[in-house]
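Structure first, commentary second.
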Amino acid sequence: MNKSATYTFCFVLTLLACRVSAQTSFMPMGDIEGFKNKLVTMSESTQTIVSDFIQEKNLSVLSEKIISKGQFFFKKENNIRWEYTEPTQYLIIISNNQLFTRDEKNQKLYDIQSNKMFQEMNRFISGCIQGELLKNDEDYAIAYFENNRQYFVKLVPRAEKMKEMLNEVQIFFDKNDLTVSGLKMVESGDDYTKIDFINKQLNVEVPLEKFSFK
């Protein structure tokens, strides 16, 4: 993988993140199989997701956190659009086994099928959104928690290559509708990225044009 592709892979992975509520403690989940079954039911009934998001990036080399905002779109099967609007415009689209990125100056297109790292990234993103990542614990050591408002799942990668990029992933699910309310990517040291999903809408009309690379 060339340097540009490696950077893009790591960048997209660090987009996956969420806020842990300091005010609310989590306890070990009481009914893990029941949670998984409800997640499968939700995933099967969800065709589209539209949501605003707020991203917080913490880097140990910087004194202040980097805050970004934008809109997220998902449409079965595996059509994903991350549209950053603040403080700068940046677009990421995953569709038809391709990954497209565009900023104010450049745009690039990658073939996911030709690269195992991109395949893993696509599986990871889609799996987090739809909960399918929890069906197989061979790649991650998974721990399950809950409180009165959320389910919280922590994934620690087993593969050495993944461990080089991240220490753990935290996924938070709304108990009301089982959708992902947030993700957190914990990297090395104190570095992390968090994303909160707000104003979520399920099964609304999302045209395929949203996932066009033009």
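Our estimate of slack between Glu64 and Phe145, defined as 0.36 nm per intervening residue step minus the Cα-Cα distance, is 26.1 nm. Using a Förster radius of 22 Å, what is the FRET efficiency between Asn106 and Glu164 based on their Cβ-Cβ separation? Nearest 0.05, please. The value I calculate is 0.25.
Legend: residue pairs Lys36/Lys65; Lys76/Lys161; Lys154/Lys194; Lys105/Lys214; Lys105/Lys210; Lys36/Lys108, Cα-Cα distance threshold 25 Å; pairs beyond threshold, Lys36/Lys65; Lys76/Lys161; Lys36/Lys108.
A short reminder: the numbers here are calculations on the coordinates, not readings from a lab. Just so it is clear, the model here is predicted, and its values are computed rather than measured. Cβ: placed from backbone, ideal geometry, glycine included. Neighbour counts: every protein chain shown.
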